[in-house]
Amino acid sequence: MSDQELAGRVAIVTGAGRNIGRSIAHALADAGASVVINVRSNKAEADAVVKEIEAKGGRAMVAIADVVDVAAVDKMIASAVERFGRIDILVNNAALRAEKPLEQMSLEEWRHVIGVVLDGAFICTKACLPYLKKSDGAAIVNVGGLSAHTGAAHRAHVVTGKAGLIGLTRALAHEFAGKIRVNTVTPGLMQTPRPPGQPEPQHHSFSNPLVGRRGLPEDISELVRFLAGPRAAYVTGQNYQLNGGAHLS
């Protein structure tokens, strides 16, 4: 199998400006795909990822869009098709990881987090469907979260949203069987920067990787690359947990 197994393919990666999303964009570009780098608002981050990919000889473009804004997502998809001519791969990575006790959480805060995680995946998937259905190797990869399986205090909205992605994955795998492969990749504790002043989440205290280290973005992006490509032609409806043995299921 060629190291450019995704040559001629076009991928959209939401939340691709940093950390896991950025690494996924690089992995797909290294495999030969043209990559749409989606961010909600930080154009500088997206521009940097595009420049990094182009410096290696790849093709990429920036797409500014809030994944819960239907009009903005439709515009992003139209721009991607205008630039690259097709869409073969969608990676639903955009997410929020806010923390708040349930007793203090407003309905607006609840909906905001679930909206980005779950509604965003629905909106982006639906917008891409006409093009994915035309592809001879279409794939959707949803990026889940370990706390959806372990639970976590002060993250009811995050846990619920990420758990919902598993259900969405299974539903879409059935609905588009034979046309679009749909899988979830669930990272565990990651060695990625935390916002200044933000404390370590409570659930990290009982999620210790057996391998003795936290995950790197590359640990996740290599599996996404596999699931997006022809080597995974027989894989759909699955949830892959990459957590170094922090949670066994």
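The values are calculated or read from the model by the stated rules, or taken from the named source; none is laboratory data. As the structure is a computational prediction, the values presented were derived from the model and not from experiment. Here the Cβ positions follow ideal geometry from the backbone for every residue, glycine too, while neighbour counts run over all protein chains shown.
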All positions within segment 85-110 that are over 19 Å from V224 (Cβ atoms) and either outside any loop (DSSP other than H, G, I, E, B) or touching a Leu at 6+ places or on another chain (Cβ under 6 Å) (or both) | L102, E103, Q104, L107, E108, E109, W110
Matching residues in segment 4-32 (under 15 Å from V224 (Cα atoms) and in contact with a Gly (Cβ under 8 Å, 6 or more places away or on another chain)) number 13
State yes or no: is V68 closer than 24 Å to G229 by Cα and not polar (S, T, N, Q)?
-> no
List every residue pair whose Cβ atoms sit under 8 Å apart, with the two residues 6 or more apart in sequence or on different chains, where the first one lies in segment 5-22 and is among the acidic types (D, E) and the second, anywhere, is part of a loop (DSSP other than H, G, I, E, B).
-> E5/A31; E5/G32; E5/G229
Residue hits (segment 78-110; within 22 Å of A46 (Cα to Cα) and more than 16 Å from the chain's Cα centre (by Cα)) are A78, S79, A80, V81, E82, R83, F84, G85, R86
Given the conditions (1) surrounded by fewer than 23 Cβ atoms within 10 Å (Cβ to Cβ); (2) at pLDDT 95 or above; (3) touching a helix residue (DSSP H, G or I) at 6+ places or on another chain (Cβ under 6 Å); (4) of a type in the set (G, A, S), and given that G85 satisfies all but one, which numbered condition is not satisfied?
-> (3)
Pairs, please: C-beta under 6 Å, at least 6 apart or cross-chain, first residue surrounded by fewer than 16 Cβ atoms within 10 Å (Cβ to Cβ) and in segment 39-62, second in a loop (DSSP other than H, G, I, E, B)?
-> N42/G17
V224 fails exactly one of the following numbered conditions: (1) at pLDDT below 95; (2) buried (at least 19 other Cβ atoms within 10 Å of the Cβ). What is the number of that condition?
-> (1)
Would you check which residues across segment 111-153 are within 16 Å of the chain's Cα centre (by Cα), in a loop (DSSP other than H, G, I, E, B) and either of a type in the set (G, A, S) or surrounded by fewer than 16 Cβ atoms within 10 Å (Cβ to Cβ) (or both) and list them?
-> G144, G145
What number of residues in segment 13-42 are touching a strand residue (DSSP E or B) at 6+ places or on another chain (Cβ under 6 Å) and among the basic types (K, R)?
-> 0
Cβ pairs under 8 Å, 6+ apart or interchain, first in segment 63-74 and assigned to a helix (DSSP H, G or I), second of a type in the set (V, I, T), ordered by first then second residue, are V70/I123; A72/I64; V73/V67; V73/I123
When segment 227-248 is checked residue by residue, the ones that are under 20 Å from V13 (Cβ atoms) and modelled with pLDDT of 95 or more are L227, A228, G229, P230, R231, A232, V235, T236, Q238, N239, Y240
Identify all residues within segment 26-62 that are within 19 Å of I77 (Cβ to Cβ) and polar (S, T, N, Q); write none if there are none.
-> S34, N38, S41
Counted residues in segment 37-75 being within 17 Å of F122 (Cβ to Cβ), hydrophobic (A, V, I, L, M, F, W, C) and out of contact with any Cys (no Cβ under 7 Å at 6 or more places or on another chain) come to 5
Out of segment 108-151, which residues are farther than 21 Å from P217 by Cβ, small (G, A, S) and touching a helix residue (DSSP H, G or I) at 6+ places or on another chain (Cβ under 7 Å)?
-> A127, G137, A138, G151
